[in-house]
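> Questions regarding the structure given below will be posed in turn.
The values are calculated or read from the model by the stated rules, or taken from the named source; none is laboratory data. From a predicted model like this one, the values you see are computed outputs, not experimental measurements. Cβ sites come from the backbone with ideal geometry, for glycine too, and all protein chains shown count toward neighbours.
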Amino acid sequence: MAEPNRDSTGSQDIIDDALRLVDALQRRLIVAGVRRGAAAPSSAPPRKGDVWEEAVREQYPEPEPTPVEQLLGIAREKGPEVVGHLGRAGMALAGALGETFKVVESTLERRSREAAARRGDTRADSGSGADPADPGPRQISRGG
């Protein structure tokens, strides 16, 4: 809260000085932007190497990576992509095998039902899961 006895001329001078400073700064930035282009005030000036850096760069060019380093770089870059492809291929293979087993199972069941129907055996149709080739439990003989 403002106090009524407080001197407001001193604080008003500080505010006026701050506004003039901001105004002057804005004008300088605009002038610098017009001289250097629009991106110049917001970005740092391009770094220029000193003479020693340029001389060393010209004398000693960067060595070419060894074949092992090149191979490791390829593995680092392409590894995740390859793993993803292999995972999707594995899932497709598992799905195909599952469908193949279903076809084989249904074919075997159909053949066993047809064979049972030809023999006239009703055990295979009852759904007991008994093997149609199995004649059932054996009779125990009482000696002799």
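Per-residue answers, yes or no, for (1) assigned to a helix (DSSP H, G or I); (2) surrounded by 10 or more Cβ atoms within 10 Å (Cβ to Cβ); (3) over 23 Å from the mean Cα position of the chain (by Cα); (4) of a type in the set (A, V, I, L, M, F, W, C):
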residue	(1), (2), (3), (4)
GLY84	yes, yes, no, no
ALA89	yes, yes, no, yes
LEU93	yes, yes, no, yes
LEU97	yes, yes, yes, yes
LYS102	yes, yes, yes, no
SER106	yes, yes, yes, no
ARG110	yes, yes, yes, no
GLU114	yes, yes, yes, no
ALA117	yes, yes, yes, yes
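> Can you tell me which residue within segment 54-72, out of those that are at pLDDT 90 or above and in a helix (DSSP H, G or I), is farthest from the chain's Cα centre (by Cα)?
Across segment 54-72, the extreme among qualifying residues is PRO67.
> One residue is enough: does segment 105-114 have a residue meeting the conditions modelled with pLDDT under 90, in contact with a Pro (Cβ under 9 Å, 6 or more places away or on another chain) and among the small types (Gly, Ala, Ser)?
Within segment 105-114, not a single residue is modelled with pLDDT under 90, in contact with a Pro (Cβ under 9 Å, 6 or more places away or on another chain) and among the small types (Gly, Ala, Ser).
> Next question. Would you say VAL51 is among the hydrophobic types (A, V, I, L, M, F, W, C), modelled with pLDDT of 90 or more, on the phi < 0 side of the Ramachandran plot and exposed (fewer than 10 other Cβ atoms within 10 Å of the Cβ)?
In short, no.
> Continuing with the same structure: If I go through segment 1-48 residue by residue, how many of them are modelled with pLDDT of 65 or more and either of a type outside the set (Ser, Thr, Tyr) or not in a helix (DSSP H, G or I) (or both)?
The number of residues fulfilling the criteria is 25.
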